[in-house]
Amino acid sequence: MHVCQTTLIIALGMVSTIAGAGDTAMNNAPTTGFINKTLAKDGAVVRYVLYVPRGYDAAQEWPLVVFLHGAGERGADGLLQSDVGIGRAIRRNPERFPCLVLMPQCPLEKFWDVMFDDIEKMMEVTRKDYRIDPARITLTGLSMGGYGTWIWGPNKLDVFAALMPICGGGDARDMKHLAPDSSVDQFGTVEDRVPKLATVPIWAFHGKKDDVVPPFRTQQMVKKVREAGGDVKYTEFPEDGHNSWDSAYGDPETIAWLLSQHHK
């Protein structure tokens, strides 16, 4: 009986020691994958997702990509935006994405202008918690997020080293039907932003058969930026409709280009 009790005590001690060691190891190891995050705001929380690659190591600096989703992924669950566009491309080919990806979510019936301050706070938290290369932070988005990229990107060129807008345009007035109470006018006209856009590397994409946002919207921006002396690439997928993001994010050359951009 005493032998059994002693054995039991020793066994429990071993379990306790092992569990403690395991907890310490887990706490020291960085969490990777698609991580659900929250940002405190006005007594509530704003939900978003941060993707951290499996090979993340704080011994080196990592690129950060900020992704703006489309109108269909608006909401408050903090999850829907991670399964469309760049999130889906990561799940299919994670080896192509040696970077962290910040995926905020825009509220229902709103445009991205209501989120820009929150996104800056999310980036600040990410830079604090992970080792981010400040010279390799880029902005990309699709559809409504493509508009957000064209509109917000040139106002944050001290942060973003490159822009990748997909099936979106640069005229903020186009977004009034999606978010009637938006304050997009504060970002000025296309002509106001073109000189700034001409100073940053851009690769824009659109589907030739897009009947939601006409390809003309991207073509117009590309033409104006090129006329201003900008470094802008344009790819138009001949068989794609509005969903040109799967083609864009699914191309390894596209992702390699985005992750190679950096402030000089």
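Each reported figure results from applying straightforward, stated rules to the coordinates on display, with no laboratory input. Not measured: the values here are computed from a predicted model. Glycine gets a Cβ as well: all are built from the backbone with ideal geometry, and neighbour counts include every protein chain shown.
Two decimals is fine: what's Rg over Rh for the range 133-232, C-alpha atoms, Kirkwood radius as Rh?
0.95
As an exercise, find the ratio Rg/Rh for the chain from alpha-carbon atoms, using the Kirkwood inverse-distance average for Rh.
Answer for the chain: 1.11.
Per 5 Å bin, what is the whole-percent P(r) computed from every C-alpha pair distance within the range 43-164?
Over the range 43-164, the share of Cα pairs per 5 Å bin runs 2, 11, 23, 26, 21, 13, 4, 1, 0 percent.
Could you list which residues have their amide H under 5 Å from that of residue 234, counting only those 5 or more apart in sequence or on another chain, with H placed in the peptide plane?
Excluding prolines and chain starts, which carry no amide H, the hits are 204.
Which of the peptides 118-129, 206-217 is most tightly packed, and how do the rest follow, going by the mean number of other Cβ atoms within 10 Å of each residue?
Per-residue mean Cβ counts within 10 Å order the peptides as 206-217, 118-129.
What FRET efficiency do you get for residue 95 and residue 262 if R0 is 25 Å and r is their Cβ-Cβ distance, rounded to the nearest 0.05?
Efficiency computed from Cβ-Cβ geometry: 0.75.
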